[in-house]
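Engineer: Handing you this structure, nothing more for now.
The values are calculated or read from the model by the stated rules, or taken from the named source; none is laboratory data. Quick caveat: nothing in here was measured; it's all calculated off a predicted structure. With ideal geometry, Cβ positions are generated from the backbone for all residues, glycine too; neighbour counts draw on all protein chains shown.
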Amino acid sequence: MRFRKIFLVDDDPDDRGILIDALQQLDARQDITYAENGVKALDMLGRHAATNNLPCLIVLDLNMPKLTGTQILERLKADERFKDIPVIIYSTSVNALEKDKCMKLGAHSYVTKPISFAQSIETARQFLDLCEVKVH
């Protein structure tokens, strides 16, 4: 049996929909929850922590209203409840300075958003593989 719960933070409904569709192609749609902005994301994660129901992976867009992805990443890595959850930055930006900053802040990796649905499925597969845990 496998447990996989991915938490996506992205303000773009099209980008969320593409990733959710890609996960559905891999029979994993039920394994994703999302927030449209950083404030909502931190609130939801706090509620998940209170019920011991944290995700195994956080996928975080950079360019969002209210709190940027970088600000959210800083807060996650400074919080004992969330600091050990891998965070993948998932952005259209290919800015090397931004990528370097995110990696220094503790991001697991930096993934540029795919440009085709086939690439989206492969990216979704990588996300699932990263957070897969075998339960005996």
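Engineer: All but one of (1) part of a helix (DSSP H, G or I); (2) in contact (Cβ under 8 Å) with a residue 40 or more places away in the chain hold for I58; which doesn't?
Structural biologist: Condition (1) is where I58 drops out.
Engineer: If we keep just the residues of segment 1-33 that are surrounded by fewer than 19 Cβ atoms within 10 Å (Cβ to Cβ) and farther than 20 Å from S116 by Cβ, which is modelled with the lowest pLDDT?
Structural biologist: Ranking the candidates gives M1 first.
Engineer: Tally time: how many residues in segment 74-97 are more than 13 Å from the chain's Cα centre (by Cα) and either surrounded by 18 or more Cβ atoms within 10 Å (Cβ to Cβ) or among the hydrophobic types (A, V, I, L, M, F, W, C) (or both)?
Structural biologist: Selection size over segment 74-97: 4.
Engineer: Would you confirm, using the coordinates I've provided, whether T68 is of a type in the set (S, T, Y) and out of contact with any Phe, Trp or Tyr (no Cβ under 8 Å at 6 or more places or on another chain)?
Structural biologist: Details: of a type in the set (S, T, Y): yes; out of contact with any Phe, Trp or Tyr (no Cβ under 8 Å at 6 or more places or on another chain): yes.
In short, yes.
Engineer: Given the criteria outside any loop (DSSP other than H, G, I, E, B) and in contact (Cβ under 8 Å) with a residue 60 or more places away in the chain, does D21 qualify? Break it down stepwise before answering.
Structural biologist: On the way: outside any loop (DSSP other than H, G, I, E, B): yes; in contact (Cβ under 8 Å) with a residue 60 or more places away in the chain: yes.
Here the answer is yes, as D21 does meet what is asked.
Engineer: Looking only at segment 61-94, filter to residues that are closer than 19 Å to T123 by Cβ and either of a type in the set (S, T, N, Q) or in a strand (DSSP E or B) (or both); which one of those is modelled with the lowest pLDDT?
Structural biologist: S93
Engineer: In the set N63, N53, N37, which member is surrounded by fewer than 19 Cβ atoms within 10 Å (Cβ to Cβ) and closer than 15 Å to V111 by Cα?
Structural biologist: Details: N53 fails: closer than 15 Å to V111 by Cα; N37 fails: closer than 15 Å to V111 by Cα.
Selected residue: N63, the only one of N63, N53, N37 that is surrounded by fewer than 19 Cβ atoms within 10 Å (Cβ to Cβ) and closer than 15 Å to V111 by Cα.
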